[in-house]
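To start, the structure itself, in structure tokens.
The values are calculated or read from the model by the stated rules, or taken from the named source; none is laboratory data. What you see is a predicted model; the values in this text were computed from it and never measured. Cβ atoms come from the backbone with ideal geometry, glycine included; neighbour counts cover every protein chain shown.
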Amino acid sequence: MKRIKISDVVIYALLIFSGLICLVPIWNTIAISFSDKTSAALGLVRMLPVNFTLASYNNMMEETQFWTSFMVSIKRVLIGVSINMIVTILMAYPLSKSPREFHTKNIYMWIVVFTMLFNGGLVPTFMVVNNLHMMDTFWALVLPGAVPVFNVILLMNFFKGIPKSLEESASMDGAGPWTVLALIYLPLSKASLATIALFSVVTHWNSYFDGKIYINSMEKLPLQTYIQSLSASLNAEQMAMMTAEELEEQLAVSSLTFNSAKVVVSMIPILLIYPFLQKYFVTGMVVGAVKE
């Protein structure tokens, strides 16, 4: 029988405690989103909903704008992540070569590192987007962040760890750079590709601020921007136009329960995607440090 060490007990206890620190606030947020506004306002909600109600979710999802913005975010993730992956791969591959193979590598590396250390700022970025006539267009959401420099460096380091003998053997058989990239580097880079894809998905899905400053039309707002702008308050004119059932449902919604519902809805897509990519995550982060 394996002897249990005190150090193992301490490590597992710390891991469980750390997990609870992350899980408890999320669970409490879910419970609040399913509670009525009085219970939430009085602080009666802990780990289970009090006076269970779907009013916050009904209020948010019955609006056509919610689903319009949802589809905008889906489109943003699909196109934005595709652009990120293509640009990242095409930058990382040549930068993984030695200066002898890629003579101007050091110049490009300085440019890449400089962009990590210094940012142009909000106003210059806004001016660039405006001068390129991308204001209030879908491309304003995906093109300014088309080159994720951190992902480029991560994938570049992984490419450096692939044995040069594989590329040399392929070159001797007549394979060119595109063939080597497509048939050798990419198949061996599934872990790193899954990792940077996860980074890109999370970035595009959770981003809301660029929608606030670049998008003016409601039908073009991404989901996070729309959710962030929602309000549970009602004016007298709106209340007068509602039926008794609709008014009762609206009065069951407070800013606290409504905001909790926003958080829960925004978490669902990422929680669905992450389990499928998690097995690659640690491998993709660590394996890039291995050099031949």
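Going by what's in this entry, would residue 259 be described as at pLDDT 85 or above and either more than 21 Å from residue 139 (Cα to Cα) or not aromatic (Phe, Trp, Tyr) (or both)? Before the answer, list the steps.
On the way: at pLDDT 85 or above: no; either more than 21 Å from residue 139 (Cα to Cα) or not aromatic (Phe, Trp, Tyr) (or both): yes.
So residue 259 fails the test.
Sort out which residues of region 24-51 are free of Cβ contacts under 8 Å to residues at least 40 places away in the same chain, in contact with a helix residue (DSSP H, G or I) (Cβ under 7 Å, 6 or more places away or on another chain) and among the hydrophobic types (A, V, I, L, M, F, W, C), and write them in order of number.
45, 47, 48, 50
Residue by residue, here is whether (1) among the polar types (S, T, N, Q); (2) closer than 30 Å to residue 161 by Cβ holds:
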residue	(1), (2)
7	yes, no
12	no, no
20	no, no
38	yes, no
41	no, no
73	yes, no
77	no, yes
88	yes, yes
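Residue-by-condition table, conditions (1) among the hydroxyl-bearing types (Ser, Thr, Tyr); (2) modelled with pLDDT under 75; (3) over 17 Å from the mean Cα position of the chain (by Cα); (4) over 24 Å from residue 208 (Cα atoms):
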site: 250; (1), (2), (3), (4): no, yes, yes, yes
site: 263; (1), (2), (3), (4): no, no, no, no
site: 268; (1), (2), (3), (4): no, no, no, no
site: 272; (1), (2), (3), (4): no, no, no, no
site: 278; (1), (2), (3), (4): no, yes, no, yes
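How many of the residues making up region 207-228 are surrounded by 15 or more Cβ atoms within 10 Å (Cβ to Cβ) and either touching a Cys at 6+ places or on another chain (Cβ under 8 Å) or polar (S, T, N, Q) (or both)?
4
Looking at 164, 190, can you tell me which residue is surrounded by fewer than 16 Cβ atoms within 10 Å (Cβ to Cβ), closer than 17 Å to residue 87 by Cα, more than 16 Å from the chain's Cα centre (by Cα) and among the basic types (Lys, Arg)?
Values: 164 fails: closer than 17 Å to residue 87 by Cα.
Within the list 164, 190, the selection yields 190.
Where in region 114-214 are there helices (runs of 4 or more DSSP H), lying fully within it, with 1 or more residues that are charged (D, E, K, R)? Give the derivation first.
Values: elements: 122-131, 139-142, 149-160, 164-172, 177-180, 190-206, 209-214.
Once the helices (runs of 4 or more DSSP H) in region 114-214 are filtered for at least 1 residues that are charged (D, E, K, R), what remains is 149-160, 164-172, 190-206, 209-214.
Give region 121-131 a look and list any residue that's in contact with a helix residue (DSSP H, G or I) (Cβ under 8 Å, 6 or more places away or on another chain) and either aromatic (Phe, Trp, Tyr) or loosely packed, with under 12 Cβ neighbours inside 10 Å (or both), or say none. Talk me through it step by step, then tell me what you get.
At the first step, the residues of region 121-131 found to be in contact with a helix residue (DSSP H, G or I) (Cβ under 8 Å, 6 or more places away or on another chain) are 122, 126, 129.
Listed by number, the residues that qualify are 122, 126.
Would you say residue 175 is of a type in the set (Gly, Ala, Ser) and closer than 26 Å to residue 198 by Cα?
Numbers: of a type in the set (Gly, Ala, Ser): yes; closer than 26 Å to residue 198 by Cα: no.
So residue 175 does not fit the description; no.
Residues being surrounded by 11 or more Cβ atoms within 10 Å (Cβ to Cβ), farther than 18 Å from residue 266 by Cα and aliphatic (A, V, I, L, M): count how many of those fall in region 18-56.
Within region 18-56, residues that are surrounded by 11 or more Cβ atoms within 10 Å (Cβ to Cβ), farther than 18 Å from residue 266 by Cα and aliphatic (A, V, I, L, M) number 7.
Just checking, which of 169, 200 is closer than 30 Å to residue 91 by Cβ and either modelled with pLDDT under 90 or surrounded by fewer than 18 Cβ atoms within 10 Å (Cβ to Cβ) (or both)? First the steps, then the outcome.
Numbers: 200 fails: either modelled with pLDDT under 90 or surrounded by fewer than 18 Cβ atoms within 10 Å (Cβ to Cβ) (or both).
From the options 169, 200, the qualifying one is 169.
Among the aromatic types (Phe, Trp, Tyr), over 21 Å from residue 84 (Cα atoms) and at pLDDT 60 or above: which single residue out of 226, 208, 214 fits that description?
On the way: 208 fails: over 21 Å from residue 84 (Cα atoms); 214 fails: over 21 Å from residue 84 (Cα atoms).
After ruling out the rest, the residue left standing is 226.
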